[in-house]
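Peer 1: Quick one: the structure is below, and I'll ask about it shortly.
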Amino acid sequence: MQTTLDQTKARALRGTIRIESAVKVYGNPQNGVVAVDHCSLECPPGEISMVVGPSGCGKTTLLNAIAGFHSLTSGAIYLDDEMLCGPGKPKADPGSDRIVVFQNGALFPWKTNIENVIFGPVMQGKLAVKEAKDKARTMMAEAGLSGIENDYPGQISSGVRRRVEIVRALMNDPKVLLLDEPYRALDSLTKSVMHESLLETCYRNRITVFFITHDLEEAIFLGDQVVIMTSRPCRTKKLLKIDLPHPRDYSIVTSRRFRELMDETMDAVHEEAMKAFELGEREG
Amino acid sequence: MASDAEMGAMDRHRAQGPSAAPDASTSFGGYRMQIETALYHFKNWLRSPRPYLMVLGFILLIGFWWLSVEVWKLPRFAGMPGPTAVVREWLSREPMFGLSFYTPDYYVHILTSLQRVFIAFVLSTVIGIPLGLVIGWSRTAREYIFPVLEMLRPIPALAWVPLAILMFKSSEGPVIFLTFLPAFFATTLNSMLGVHSIDESYFRAADCLGASRWQVFRHIVVPGALPFVFTGLEISIGLAWFSLVAGEMIAGEYGLGYVIYTSYTMVSYPTIVIGMITLGVVGYVSSSIIRSVGVFLMGWRTRELGLGGQ
């Protein structure tokens, strides 16, 4: 199994995210709320990095900075060798090399599923509508999403909507997928199906994934590494390499190694959760 | 999973793997399907108590009118035209006060009013929607325009009458201007609110997917604001009829507002009611048309609301 991992790494030489002492202060720089405090982190190419921390700890702030929705107060973020934001350029430009899958989903409800999927390449003028539709049909079929192309997102279940959204992202051949608790609103049965389908997608596309969650089991099941964040201000508290063999399926959740990893991370996460609770941070 | 057509919609959506084959019957694009759905809903409507309640509502209103004017002759109601008087006048081939279903003038009045409302409504839509969308979308435009609009908006159409007469030379100009104004404010404001109602994540997703500023406007702002825009148009056509009457009372030789006002001065009371009811019916029909256009254009929304979560 170790060979599979090595192959994965060899093929995916692109898509390293490097965050160097990122700081984000909301409001007045002198006495505002410090959301992220000198946070450094590296997400290796083609791997799934799970970012775990209590709600409202500043994980999303970090993701927004990578995606280019927000500026950083100081520090830098690199994608491979390119500086996304850093000294002299506080805010990254949003781009189709880093695509976000949102917590509540952001498929355009006024477009059919296939129109959503082809949106990226067609807007950028990379593909004509017809070519894009052909490609979309193939990719949707690969993801098990045939038959819903001409439905609207409102007609399909929320789990399927997430998968369509991931296909919409993959159509752009991004280096990085940024997922912000995408499965938070799903029931646990649907969630487990989503997890396996996401892993399959990652095996197929060799893509770097930056995945925010507060579900420890989800983090260990999906992740190649789990980064535990401190409660606000957000900083890396503990980085754990997950050595569970690939490809994974849900049977490993009951394995001894999985339990050991859970134990190893549980204390750290619990401590931060308690801190956040005492601070009375609101959900967000 | 072999026979996809046999699977329920739910199962199909949960289907795993590439074995789920395309299923033509799930395409909602066909007009036949839409007509069938409409017929189905219509039949259900007829079977439900709702249409009879609607009829009952009208019967109660007319019954109260009839009793209070013609039977009980309540103190202040005695001089008013009763329903039988109005209906007799309305259906008469030789109406006592000159206006009924059989007189060409009746239709000239309706058409004149319709034409004025139509012109004012089209103008308010053509100017109001783009203006509202731009104010909603661009912060700079909002800073310039919004405070001015908010200052002008509370001024009622009637207060514009003197200026309208001074501004426009023709007799049609002031009437159309007065009809246009409130409709325009309603459309603009609702279009702006429509843009504000769009979830921020749609804009972010479009940014991620590499859409240009104009593409965001075309593919996110316009369709996203559409539900509010149509609410605005429904309000706007109502307001147009509303202020049309004010306009027609000051100017013109024709129009339903003119009919109502001159009938009062000429003491032809049944004609007043004929004018009022006609105005109500024409106004109701025009709002319904706008609503149907909206429903047709926003098929995605009806489906989302009707089939939400599935």
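Where a number appears in this text, it was derived from the coordinates with a stated rule and is not lab data. In this text, all values refer to a predicted model and were calculated from it rather than measured experimentally. Here the Cβ is made from the backbone with ideal geometry for all residues, glycine too, and neighbour counts use every protein chain on show.
Peer 1: Kindly list the number of the only condition in (1) farther than 25 Å from residue A:177 by Cα; (2) touching an Asp or Glu at 6+ places or on another chain (Cβ under 9 Å) that fails for residue B:216.
Peer 2: The number of the failed condition is (1).
Peer 1: Hey, another quick one. Can you tell me which residue among B:241, B:300, B:214 is of a type outside the set (Gly, Ala, Ser), touching a helix residue (DSSP H, G or I) at 6+ places or on another chain (Cβ under 6 Å) and within 28 Å of residue B:131 (Cα to Cα)?
Peer 2: B:241
Peer 1: Limited to region A:84-114, what total is found for residues that are facing chain B (nearest Cβ under 10 Å) and more than 23 Å from the chain's Cα centre (by Cα)? So that I can check it myself, show each step before the final result.
Peer 2: If we filter region A:84-114 for residues that are facing chain B (nearest Cβ under 10 Å), which is where we start, we get A:93-112.
Restricting the remaining residues to those that are more than 23 Å from the chain's Cα centre (by Cα) gives A:110-112.
Qualifying residue count, region A:84-114: 3.
Peer 1: Could you run through region A:263-280 and say how many residues are of a type in the set (A, V, I, L, M) and either outside any helix (DSSP H, G or I) or crowded, with 16+ Cβ neighbours inside 10 Å (or both)?
Peer 2: Number satisfying all stated conditions: 4.
Peer 1: Does region B:232-246 contain any residue that is surrounded by fewer than 23 Cβ atoms within 10 Å (Cβ to Cβ), within 30 Å of residue A:105 (Cβ to Cβ) and either under 23 Å from the mean Cα position of the chain (by Cα) or of a type outside the set (S, T, N, Q) (or both)?
Peer 2: The answer is yes, given that some residue of region B:232-246 is surrounded by fewer than 23 Cβ atoms within 10 Å (Cβ to Cβ), within 30 Å of residue A:105 (Cβ to Cβ) and either under 23 Å from the mean Cα position of the chain (by Cα) or of a type outside the set (S, T, N, Q) (or both).
Peer 1: Pull up region B:181-209, narrow it to residues that are over 16 Å from residue A:165 (Cα atoms) and among the hydroxyl-bearing types (Ser, Thr, Tyr), then point me to the one that is nearest to the other protein chains (Cβ to nearest Cβ).
Peer 2: So, considering only residues that are over 16 Å from residue A:165 (Cα atoms) and among the hydroxyl-bearing types (Ser, Thr, Tyr), the one nearest to the other protein chains (Cβ to nearest Cβ) is B:197.
Peer 1: Considering only region A:174-192, state which residues are without any contact (Cβ under 8 Å) to a residue 12 or more places away in the chain and within 22 Å of residue A:114 (Cα to Cα). Full working, then the answer.
Peer 2: Kept after step one, since they are without any contact (Cβ under 8 Å) to a residue 12 or more places away in the chain, are these residues of region A:174-192: A:187-189.
Residues satisfying the conditions do not exist here.
Peer 1: I would also like to ask the following. Looking only at region A:140-175, which residues are touching a helix residue (DSSP H, G or I) at 6+ places or on another chain (Cβ under 8 Å) and away from every other protein chain (no Cβ under 11 Å)?
Peer 2: Listed by number, the residues that qualify are A:162, A:166, A:167, A:170.
Peer 1: Test of understanding: among A:193, A:227, which residue is surrounded by 20 or more Cβ atoms within 10 Å (Cβ to Cβ) and either farther than 19 Å from residue A:58 by Cβ or of a type in the set (A, V, I, L, M, F, W, C) (or both)?
Peer 2: Going through A:193, A:227 in turn, the sole match is A:227.
Peer 1: Counting only residues that are part of a helix (DSSP H, G or I) and farther than 15 Å from residue B:108 by Cβ, how many does region B:232-259 have?
Peer 2: If we filter region B:232-259 for residues that are part of a helix (DSSP H, G or I), which is where we start, we get B:232-250, B:256-259.
Then keep just the ones that are farther than 15 Å from residue B:108 by Cβ; that gives B:232-247, B:249-250.
Selection size over region B:232-259: 18.
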